[in-house]
1. Reachable lysines from Lys706, Cα under 19 Å, same-chain residues fewer than 8 places away excluded?
2. Of the listed peptides 735-745, 546-556, what is their order by residue-averaged count of other C-beta atoms within 10 Å, with the highest listed first?
3. May I ask which residue of Pro254, Asn189, Asn174 lies farthest towards the positive end of the charge dipole of region 163-275, with charges of +1 (Lys, Arg) and -1 (Asp, Glu) on Cβ and the Cα centre as origin?
4. Which peptide among 826-836, 492-502, 464-474 comes first, and what is the full order, when sorted by highest mean count of other Cβ atoms within 10 Å?
5. For labels at Asn479 and Lys15 in the simple 7 Å Cα→Cβ model, what's the distance in nm?
6. Between region 712-737 and region 71-143, how many Å separate their Cα centres?
7. Under a Cβ-Cβ cut-off of 14 Å, what is the net charge of the residues other than Ala74 that fall near it, where Lys and Arg count +1 and Asp and Glu count -1?
8. Return one number: the angle in degrees, 0 to 90 and rounded to the nearest 10, between the long axis of the Cα atoms of helix 814-839 and the longest principal axis of the Cα atoms of the chain.
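The values are calculated or read from the model by the stated rules, or taken from the named source; none is laboratory data. Note that this is a predicted model, so its numbers are computed, not measured. Cβ placement follows ideal geometry from the backbone for every residue including glycine, while neighbour counts extend to all protein chains displayed. Accessible surface is based on the protein model in full, side chains and every heavy atom, while ligands, DNA and RNA are left aside. Shrake-Rupley method; radii C 1.70, N 1.55, O 1.52, S 1.80 Å.
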Amino acid sequence: MNIPSKYDPASVEDKWYSYWTEHGFFRSTPDDREPYCIVIPPPNVTGVLHMGHMLNNTLQDVLIRRARMQGKNALWVPGTDHASIATEARVVNKLAEEGIKKTDLSREEFLEHAWDWTHKHGGIILEQLKKLGASCDWDRTCFTMDEALSESVIKVFVDLFNKGLIYRGVRMVNWDPQALTAVSDEEVNHKEVQSKLYYIRYRVEGEEDFVTIATTRPETILGDTAVCVHPEDLRFTKFHGKKVLVPLVNRPVPIIVDEYVDREFGTGALKITPAHDINDYELGIRHNLESIDIFNDDGTLNEAARILVGEDRFKARELIVPELEQAGNLVKTEDYINKVGYSERTDAVIEPKLSLQWFLKMKELGAPALEHVMNDNVQLQPSKFKNTYRHWMENVKDWCISRQLWWGHRIPAWFYGEGHNDYVVAETEAQALKLAQELTGNEALKAEELRQDEDVLDTWFSSWLWPISVFDGIRHPDNEDINYYYPTNDLVTAPEILFFWVARMIIAGYEYRNEKPFNTVYLTGIVRDSKRRKMSKSLGNSPDPIELMLKYSADGVRVGMLFCSPAGNDLLFEEGLTEQGRNFSNKIWNAFRLIKGWKVDSDLEQPAHSAEAVEWFEAQMNRAFIKIEDQFKKYRVSDALMIVYKLFWDEFSSWYLEIIKPAYEKPIDALTYERTIGFIDQLLHMLHPFMPFITEEIWQLISEKKTGESLMVSNMPSPHGFNKELVKHFKALKEVITTIRSIRKEKNIAPKESLRLMVRTSSGAVYHSHLGPVIMKLANLSAVEIISEEPEDAVSFIVKNVEYFVPVGEMVNTDEEIAKLEEELKYTRGFLNSVQKKMSNERFVQNAPAAVVEKEKQKMADAAGKIGVLEAQIQKLKEQA
């Protein structure tokens, strides 16, 4: 078999991905096997692959491939999200480039453009995921605006409305003046900014006295309807019951008292603008204040402001300051750092605004979602996020679910009159007409007389149904798919959408299935650069994932991402890690080529060193299997990879292959060769979930395979028990070999020159002679002798209290040997002291597991024994000197 000298990932990756898809290995349908299911966090249809996607989808693919190899019926459901705000913004920008305004189009015409754009760009990110090796069932690809999913969204809206959980009302919302829509609290990012604090005085009506307030937003005084002071603040007692005049517009407004006021902040007096601040809005309701909205939807001032009409809010701030100064109302200005809310989607400064919107009551609906995360029925990994989750759920507010956009699921409410409450909610226009006729008693009412609400639903109102709707479980709650795959197993997502999406999916799961949507939520970290900045296009610090894969291979990038991704912690990405991943691929390839390049002699007897190596590596591999199993149970995917990485690189390549490698141009015995090929096969199974492409390529090259055979659908080996003593003895053996090699280097003894090794044991210190052949081969020894007396002219060292001597003739420097041994003695005494301190701590001895205590006792015994040997050696050398 001709194996290329270099691994070529470009040809290999396309070849095997096509092979997997052509043979339907990613497909899943219900059967008698145990299901394992993951639903993809649907990326925005506007999106292209970024580093966060790379991490998230690598982790999902590792979990799904591993489950598939464990014999489970593994299903990974892919799909995309229609992303109302982001997609509409893209379409509006595209139209603007063509000289078309959204306002010049009808809703239907605009939606035609939006669908055209979606069909053109919507599949890009999914095609890119294929390059990564994502083993999704592409036949099940969903889009949140698909007919089945859209009908599910509408059905749920109607159901929740009929249950009294959805209502329509005027409330203070977060308004995005750029996207021209309301956004939820969770879609607002608060940033610290350098601002100004303006001290402005208000004349008391009918007097020459003034009340001074402090504000960061002087432009909003045009909407003031009160000034508020604390009832116990003696500075303002004389103003109780009086009025002040709003500067520049001279509108008289009352001075009210409320304990809400912080007497220590600013001047102790607050301007109250109920239409443009959430706290002022609540004060306004309490004190029955007028609400004056001075902003248009685009953030410009309207007629209610009376001055600066048509100016942008930030321009108005610049212009109003000199006017206040000229009018004698500006007292002073100070630098001030405060937090300002920005829209997550457009990065525009959010404007608190009173608006007529649709809301979903969350408190009662969310109770099961809180209970089942707190009792670990739904597990958050890592569990530190439970407290954050609990805080949010205990303080949850009603969800503003309407958006002032055209792209999305249109709210199924039809108005039959001019009043705010003259509407019906139904799944279709025909049903709405029937309801409206019944409600009004007007049988002659026609469909043309109904007017559907212009708003669409928040994007999250469709994606919160994702684990149910991808199986059509809303429209057909007893279908085969939903009954088999739901609840799903693992959800892999980012902590920043724990509330946007995860909490709401759990809420929907209990509302519509009376069951959790998934067992475990694996929360990844945020991908950051070496300066701990979040990777983004605007900062220019995010590499193109496709280019990375072309440069380092898909397997290399997958490994690089996992090397730096502990669950729930932000990961610092360095390109060097993907290079390390590529180097690992080359290491695997070269090891395989080395083995396949050996000639096999079936008549050759297995050497003793090879027999020992085979037995040891089998134990080492089973030990690794057990540890990997444990890491996956704890969702430590990176740690699991590191175990396999070290097993292959350190134990298999650096030790095992070195032990069994035949002499130059000599054959290898058949038994060792067959066992080694078996080890390669098992290692490829362990590595496949992490590195699917190179492992498939090598597995197919090991021996001739039939069409339709694949590593990805072959069974993962099960871990067996292993010889712990042998692993421990081999660890000591490696130390012996490493020390002998160091002695060669120190004494300038050529590697080809054979040495002798002498071994002296004492009570409790055992030399395992059956490992002698391994030491002889790797250390190039002519003989290993068991002695009782310390030899002359030999360099000595101790491993596990067994004394080893390498005769080097006159090259021994007694003073150097004594100094080296005294240094080792000093260290060992210090080590013994630290263990004795630990063991003298009663709390440690009583509370630590028995196995841990026993291990510490063994450490004490070993150290004490070593000290005795070292002291004796030093004494002997001193006598010789």
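1. Lys15
2. Ranking, from highest mean packing down: 546-556, 735-745.
3. Towards the positive end, the residue furthest out is Pro254.
4. 464-474, 492-502, 826-836
5. Output for this residue pair reads 3.9 nm.
6. Spelled out, the Cα-based centre of one part sits 49 Å from the other.
7. It works out to a net charge of +2.
8. Approximately 50 degrees, to the nearest ten.
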